[in-house]
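Novice: Provided herewith is a single structure, encoded as structure tokens, for subsequent inquiry.
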Amino acid sequence: MSDADSLKTPLHALHVELGARMVPFAGYSMPVQYPAGLMAEHKHTREAAGLFDVSHMGQVKLIGPDAAAALESLMPVDVIGLGVDKQRYGLLLTDEGTIIDDLMFVNRGGHLFLIVNGACKAGDIAHMQARIGNRCQIVPLPDRGLLALQGPKAVDALKRLVPGVEKLVFMTGGAFAWNGADLYITRSGYTGEDGFEISVPGEQAEALARALLAEPEVKPIGLGARNSLRM
């Protein structure tokens, strides 16, 4: 698949405007780096705050009184005992116990909220539908964007836009609002730094990204630095 044939995230036009080099990734056109370059992006995330577009990843709700027990039947981790607005990491398994994908999930009280990897999301959802679709409602959320703000100064930038987010601790989440947009924010990430992942309606993702990039600590970061930060 060429980049021209790839799906677009809600931030595609912004990436192009900022001079990103776009490449096909997990079926989407994604920014691999911006003009400053991979090393500068890596260092900035370690020292301040980097904004990543991770909207290619899958967002899914599991709804129903049996949802936690159903999901726990597919993962070797405690789902039933997870407290409200607490987040956990887990592995989605085949019937034979081999790994299909790794994912993050949150108990939002009325439902479970899952984030699955972009390249695996169609298969993950199909697997869950086949195995536990009779026990809970499985609702993909393709119309929502996902932003990751990572780095030691991420909290300084985000709390100016979303007051109260600084009260979250690692692996917890909460519902917030910004300019009329409903957000669900978790204090989590994949860089080894402090950070947040922000689920936002797709039509408001670009406006939120622009507001974050206007904060002095924040710069856009591409896939190249994202992968190096995970090592």
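Novice: Short version: ³J(HN,Hα) in whole Hz for each residue of the stretch 115-131, in order, from phi by Karplus 6.51 cos²θ - 1.76 cosθ + 1.60 (θ = phi - 60°), x for Gly and Pro, what are they?
Specialist: So the J values, rounded to whole Hz, are 10, 10, 5, x, 5, 10, 4, 5, x, 4, 5, 5, 5, 5, 4, 5, 8.
Novice: Then there's this: Rounded to the nearest 500, what is the 222 nm mean residue ellipticity of the chain from helices alone, with -39500 (n - 2.57) per DSSP H run of 4+ residues and division by all residues? Walk me through the numbers on the way to the answer.
Specialist: Details: 7 runs with 61 residues, N = 231.
Here the helix-only value at 222 nm equals -7500 deg cm²/dmol.
Novice: I want the local charge near D156. Using Cβ-Cβ distances under 12 Å, sum +1 for each Lys or Arg and -1 for each Asp or Glu among the other residues.
Specialist: Values: positive: K153, K159, R160; negative: E166, D194, E215, E217.
Local charge sum for D156: -1.
Novice: I would also like to ask the following. Using modelled backbone amide H atoms (1.01 Å from N, in-plane), which distant-in-sequence or interchain residues come within less than 5 Å of W178's amide H?
Specialist: It is L183, by chain and number.
Novice: What residues qualify as long-range amide H neighbours of L93, i.e. H under 5 Å apart, gap of 5 or more or another chain, H built at 1.01 Å from N?
Specialist: I100
Novice: While we're on this one: Around G145, which amide H atoms from residues at least 5 apart in sequence, or from another chain, sit under 5 Å from its own amide H, with H modelled in the peptide plane?
Specialist: V200, G202
Novice: Using Cα centres only, tell me the gap between the stretch 167-181 and the stretch 61-134 in whole Å.
Specialist: Between the Cα centre of the stretch 167-181 and that of the stretch 61-134, the gap is 21 Å.
Novice: Of all beta bridges DSSP finds with both residues in the chain, what is the antiparallel percent, to the nearest 5?
Specialist: Here the antiparallel bridges make up roughly 90 percent for the chain.
Novice: Using θ = phi - 60° and the Karplus curve 6.51 cos²θ - 1.76 cosθ + 1.60, what whole-Hz ³J(HN,Hα) does each residue of the stretch 7-18 get, with Gly and Pro shown as x?
Specialist: Per residue, the Karplus-derived 3J(HN,Hα) values read 5, 10, 7, x, 9, 4, 4, 5, 4, 5, 4, 7 Hz.
Novice: Tell me, what ³J(HN,Hα) does each residue in the stretch 215-223 have, in order and in whole Hz, if you take phi through Karplus 6.51 cos²θ - 1.76 cosθ + 1.60 with θ = phi - 60° and put x for Gly and Pro?
Specialist: Per residue, the Karplus-derived 3J(HN,Hα) values read 6, x, 7, 9, 9, x, 10, x, 5 Hz.
Novice: Right, next: Using alpha carbon centroids, what distance separates the stretch 136-153 and the stretch 203-222, in Å?
Specialist: 15
Novice: Full extension from E47 to K86: what is 0.36 nm times the residue separation minus their Cα-Cα distance, to one decimal in nm?
Specialist: On the way: separation 39, 0.36 × 39 = 14.04 nm, distance 2.74 nm.
Value of the extension gain: 11.3 nm.
Novice: In addition: Pulled fully out, how much extra length does the chain show between D66 and D95, if you take 0.36 nm times their separation in residues and subtract their Cα-Cα distance?
Specialist: On the way: separation 29, 0.36 × 29 = 10.44 nm, distance 1.95 nm.
Additional length available on full extension: 8.5 nm.
Novice: How high is the relative contact order of the stretch 85-220? Use alpha-carbon pairs under 8 Å, at least six apart in sequence, and give a whole percent. Kindly include the intermediate steps, with their values, before the conclusion.
Specialist: On the way: 212 pairs, mean separation 28.5, N = 136.
Computed over the stretch 85-220, the figure is 21 percent.
Novice: How far is helix 38-47 tilted off the main Cα axis of the chain, in degrees rounded to 10, range 0 to 90?
Specialist: The angle comes out at about 80 degrees.
Novice: Just need the relative contact order of the stretch 62-142 here, percent rounded to a whole number, with Cα pairs under 8 Å and 6+ apart.
Specialist: Values: 123 pairs, mean separation 27.1, N = 81.
About 33 percent, as a whole number.
Novice: Using a 1.4 Å probe over the heavy atoms of the protein chains, calculate the carbon and sulfur portion of the accessible area of the stretch 1-138 as a whole percent. Write out the running numbers ahead of the final one.
Specialist: On the way: 3450 of 6190 Å².
The computed percentage sits at 56.
Novice: I need the peptides 6-14, 32-40, 77-85 ranked by packing, meaning the mean over residues of other C-beta atoms within 10 angstrom, with the highest value on top.
Specialist: On the way: 6-14: 19.3, 32-40: 16.0, 77-85: 13.8.
Most protected by this proxy first, the peptides run 6-14, 32-40, 77-85.
Novice: A further question on this structure: What number comes out for accessible area per residue over the chain if the probe is 1.4 Å? Units Å², please.
Specialist: On the way: 9990 Å² over 231 residues.
It amounts to 43 Å² per residue over the chain.
The values are calculated or read from the model by the stated rules, or taken from the named source; none is laboratory data. This structure is a prediction, so every number in the text was calculated from the model and none was measured. Ideal geometry is used to build each Cβ from the backbone, glycine not excepted, and the neighbour counts take in all protein chains shown. These accessible areas exclude ligands, DNA and RNA; they are computed on the full protein's heavy atoms, side chains included. Shrake-Rupley method; radii C 1.70, N 1.55, O 1.52, S 1.80 Å.
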